[in-house]
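Only one structure is covered here, and it is reproduced in the block below.
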Amino acid sequence: MTLRELRFFLRGRVNNGVARLVNWRRGAPVEPLPLEALLRSPRPALLDYVRLLEGRPNEERQAMVAQYLAARGLPFRRYPYATLEGSGENFAVDVGAGEQTLILIGHHDAVPGSPGANDDGSAVAILLALAERFVRDPPSRVRVRLLFTGGEEIGYLGARCYVKATDLKGVLGVLSLELCGIGDSLAIWDAVAPLDGAPLLRAFAGTLEGLGYRRDETYHVVGRIPLFGSDHRAFAALGVPAFGLTVVPAARAEDLRQFIFNPLRNAFRQLVKRPPPFDTYHTSGDRSETLEPSALERTTEALFALAHSL
């Protein structure tokens, strides 16, 4: 284990340990949606995809993704991994054609004690819906890889194992979806390059503006986040253009900026009342009834338009 891997290992254990402490008093049990119920609908609602995963142990969440893809006849590749840090499986669905690949990521694991609806059932729901939609209407100039990762909550383990085992040549860029189920404004983060210096950022900004979004009002481009992270950082460490994508309430944009960029200074105050979507983040309150269907739909439409614009 390298020093970098040791840091991830320790971070993951602290992350899960804090979650166990915070969630020791769990709320009412969550009843996941049975797979058979989801499969009965030819085009499920986005919230139903979330309900397939929420409240399940991570092993079941992982299994539900694979079983759903198989049942719908969506070809996918398995990327199992096993290290001293943990084990699990990533799944990848490729759609479209082209020499360059856009990778969209959602992680199927959750922290202990959390139903994991927004973190990150919302992302998995969006990717599952996109998989079926892209099969019907694939992008013609770019390949899209929908990557369902495990072990994100223990230091991006699944993503780190994936980049080690995969040829990343031809990857145009990466977006990892986090907390995409609450709010009305899209936020692209870890955007350390200016828009004109990163083709994916420029393309996504252009796509959003074509859909009627306005910079710094209904979409935001944010620099490096100091404390929070996600799977895209495993790609960024290898020089691949990679960013996070989140949905936030526009009315709370300044509160969120203060919370995210000053996490230590605001830690004690924010433990009492954190701004949404972080008020349910890593807690037993991260349930599907707190999500907003419009936020899920907003992200799905933006990513579908992005793939067709590249």
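The values are calculated or read from the model by the stated rules, or taken from the named source; none is laboratory data. Treat the numbers as computed from the prediction; the structure is a model and nothing was measured. When we count neighbours, we look across all protein chains shown, and the Cβ atoms used for this are built from the backbone with ideal geometry, even at glycine.
Listing for the model above:
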| item | result |
| --- | --- |
| Residue match in region 21-32 (condition: basic (Lys, Arg) and at pLDDT below 90) | yes |
| Residues satisfying the stated conditions in region 145-171, i.e. among the aliphatic types (A, V, I, L, M) and touching an Asp or Glu at 6+ places or on another chain (Cβ under 9 Å) | LEU146, LEU147, ILE154, LEU157, ALA159 |
| Residue under evaluation THR83, criteria (1) at pLDDT 80 or above; (2) over 30 Å from SER309 (Cα atoms); (3) within 21 Å of the chain's Cα centre (by Cα), criterion not met | (3) |
| Test: ILE154 is in contact (Cβ under 8 Å) with a residue 24 or more places away in the chain and under 25 Å from VAL221 (Cα atoms) | no |
| Region 197-232 - residue that is touching a residue at least 60 places away in the same chain (Cβ under 8 Å) and buried (at least 20 other Cβ atoms within 10 Å of the Cβ) and, of those, farthest from ARG143 (Cα to Cα) | GLY229 |
| Residues that are in contact with a strand residue (DSSP E or B) (Cβ under 7 Å, 6 or more places away or on another chain) and over 26 Å from GLU152 (Cα atoms), drawn from region 216-240 | THR218 |
| Test set (1) surrounded by 14 or more Cβ atoms within 10 Å (Cβ to Cβ); (2) not in a helix (DSSP H, G or I) - PHE9 fails condition number | (2) |
| Number of positions in region 133-170 that are among the acidic types (Asp, Glu) and either touching a His at 6+ places or on another chain (Cβ under 7 Å) or within 14 Å of ALA307 (Cα to Cα) (or both) | 2 |
| Per-region count, region 194-223, residues of a type in the set (S, T, N, Q) and modelled with pLDDT under 90 | 0 |
| Segments classed as strands (runs of 3 or more DSSP E), wholly inside region 22-139, with at least 1 members that are surrounded by fewer than 18 Cβ atoms within 10 Å (Cβ to Cβ) | 77-83, 86-96 |
| Which numbered condition ALA198 fails, given (1) under 19 Å from ALA302 (Cβ atoms); (2) in contact with a helix residue (DSSP H, G or I) (Cβ under 9 Å, 6 or more places away or on another chain); (3) of a type in the set (A, V, I, L, M) | (2) |
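So that you can scan it fast, the table gives a plain yes or no per residue for (1) surrounded by fewer than 23 Cβ atoms within 10 Å (Cβ to Cβ); (2) of a type outside the set (S, T, N, Q):
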position	(1), (2)
THR149	no, no
TYR156	no, yes
LYS169	yes, yes
LEU172	yes, yes
GLU178	no, yes
ILE188	yes, yes
ALA193	yes, yes
